[in-house]
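Notes to accompany the following structure.
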Amino acid sequence: MAKGIFITGTDTGVGKSIASATIALLLRRQGHKVGVMKPVTSGCLERDGKRISEDAELMAFGAGIELTPDCTPYLLMAPLAPSISAEKEGVRIDFGVIKEAYQRLAAEFDYLIVEGAGGLMVPLAGGLLMSDLAQHLGLPIAVVARPNLGTVNHTLLTTFSARNLGLVVKGVIVNRYPEEPDEVSAYAPHLISSLSGALLLGTFPEVAGEDDRARVSAVADRLEREPETAIMLREMFG
Ligand SMILES: Nc1ncnc2c1ncn2[C@@H]1O[C@H](COP(=O)(O)OP(=O)(O)OP(=O)(O)O)[C@@H](O)[C@H]1O
Ligand SMILES: C[C@H](N)[C@@H](CCCCCC(=O)O)NC(=O)O
Ligand SMILES: [Mg+2]
């Protein structure tokens, strides 16, 4: 059975896919069989008449695998809160369907990286939120956060809510950490880890790159050189 992690974020666009794909790539480079899952995509693409999740494709690039339908059970067109995207298509997101897909993947891989959509309080179906899905899958979470002003508030709101809902918080990844941090970014990781009680799993650097695949490779290359990275992976999956 795979060791799984649910990658959430303090918001949409904070770098969950980059972080998820980077973690997948780091584990793959260690020789592990890594599976990926994006249970719900809102804002998918259409290619050759097929719906595609770019987030899942990026994670699959990191993991070095081909996507199967189990990796992306719900591919919704509208880039909105998933409950609304689903409603527009007359679809109801069924946690049972997602769990069955998760379990099939978990039986196949050593590690399974699951990316949410948006943050933890994003609505999926009726009153059910992304946090409920993480709970239903029995997965601990890692929170991806920004390094700039406002991140302390957003990160503490996320970790406190997660714990109140009974989720296990493995820690926080501060993503897009600048090469030359200003005062805000210099204080943010310490403020977050000391006040949230959550572990600072890592700071992922802001990198240049032609596209997201190049960015994932660049982040992984940088992290691979740091001794803390092995500790991060151990804490995340231990
Ligand atoms: N470490 C990084 N260095 C440089 N650019 C980054 C980094 N992380 C993220 N980005 C930029 O931010 C964009 C958004 O990141 P990403 O798609 O991973 O966010 P997300 O949290 O997965 O969003 P969503 O909620 O849509 O799934 C990326 O396309 C990339 O341009
Ligand atoms: C459209 C976004 N990219 C994302 C959904 C974000 C929903 C945010 C809802 C909200 O918090 O207001 N979808 C996705 O990751 O598949
Ligand atoms: Mg994403």
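Between L195 and N164, the simple label model (points 7 Å from Cα in the Cβ direction) yields a spacing of 1.6 nm.
So if I place +1 on the C-beta of Lys and Arg and -1 on the C-beta of Asp and Glu, and nothing else carries charge, what would the dipole magnitude of the range 143-193 be about its Cα centre? I want it in debye, nearest 20. Please report the intermediate quantities before stating the final value.
Working: 4 positive and 4 negative charges, 78 e Å.
Using only the charged Cβ atoms, the result is roughly 380 debye.
Using only alpha-carbon positions in the range 67-200, the gyration tensor eigenvalues give semi-axes of 29, 17, 15 Å once each is multiplied by 5 and square-rooted (largest first).
Annotation for E54 and L80: the two label points, set 7 Å from Cα along the Cα-Cβ direction, are 2.0 nm apart.
Once divided by 2.2 N^0.38 Å, the Cα radius of gyration of the range 151-238 becomes 1.15.
Can you put E180, E235, E46 in order of accessible area, largest first, using a 1.4 Å probe?
Numbers: E180 160, E235 85, E46 120 Å².
From most accessible down to least: E180, E46, E235.
Dividing the convex hull volume of the alpha carbon atoms of the range 1-133 by its residue count gives 95 Å³ per residue.
Per-residue ellipticity at 222 nm computed for the chain from its helices equals -13500 deg cm²/dmol, with DSSP H segments shorter than 4 residues left out and the rest contributing -39,500 (n - 2.57). Modelled this way, with points 7 Å down the Cα-to-C-beta line, the labels at L149 and L128 are 4.0 nm from one another. When the surface is traced with a 1.4 Å probe over the full set of protein chains, R47 keeps roughly 100 Å² accessible.
For the range 27-179, what is the percent of antiparallel DSSP beta bridges, rounded to the nearest 5? The partial results should precede the final answer.
On the way: 5 of 17 bridges.
If I count the DSSP bridges inside the range 27-179, around 30 percent turn out antiparallel.
Accessible area, 1.4 Å probe, largest first: how do K16, K33, K170 sort?
Details: K16 10, K33 110, K170 45 Å².
The most accessible residue leads, giving K33, K170, K16.
Ignoring any ligand, DNA or RNA, what whole percent of the accessible area of the chain comes from carbon and sulfur when the probe is 1.4 angstrom? Carbon-and-sulfur percentage of accessible area, whole number: 51.
Ordered from highest to lowest accessible area with the whole protein assembly present and a 1.4 Å probe, M77, M130 read as M77, M130. The relative contact order of the chain, computed from alpha carbon pairs under 8 Å that lie at least 6 residues apart in sequence, is 24 percent. The Cβ shell under 13 Å around S185 holds other residues with a net charge of -3, Lys and Arg each +1, Asp and Glu each -1.
Need the full-extension length gain, K88 to V184, defined as separation in residues times 0.36 nm minus the C-alpha distance. One decimal, nm.
Working: separation 96, 0.36 × 96 = 34.56 nm, distance 4.08 nm.
Result: 30.5 nm gained on full extension.
Taking the alpha-carbon centroid of each part, what is the distance from the range 117-166 to the range 176-191 in angstrom? Distance between centres, Cα-based: 22 Å.
Here K16 is the anchor, and the lysines within straight C-alpha reach of less than 25 Å, apart from those fewer than 8 places off in the same chain, are K3, K33, K38, K50, K99, K170.
Scan the range 171-227 for GluC sites (Glu not before Pro) in coil per DSSP, keeping those whose Cβ has at most 11 other Cβ atoms within 10 Å, and list them by number. The partial results should precede the final answer.
On the way: sites: E179, E183, E206, E210, E224; in loops: E179, E206, E210.
In loop regions of the range 171-227 (DSSP not H, G, I, E or B), the sparsely surrounded GluC sites (Glu not before Pro) are E179, E210.
The convex hull built on the alpha-carbon positions of the chain has an orientation-averaged projected area of 12.3 nm².
Counting other Cβ atoms within 10 Å of each Cβ, which GluC sites (Glu not before Pro) in the range 49-119 have at most 14 and sit in a DSSP loop? Don't skip to the answer; put the middle values down first.
Details: sites: E54, E57, E66, E87, E89, E100, E108, E115; in loops: E66, E89.
Here the sparse-neighbourhood loop sites are E66, E89.
The values are calculated or read from the model by the stated rules, or taken from the named source; none is laboratory data. None of the values given here were measured: they were computed from a predicted structure. Quick reminder, even Gly has a Cβ in these numbers, built from the backbone with ideal geometry, and neighbours come from all protein chains shown. Only protein heavy atoms, including side chains, enter the accessible area calculation; ligands, DNA and RNA are left aside. Shrake-Rupley method; radii C 1.70, N 1.55, O 1.52, S 1.80 Å.
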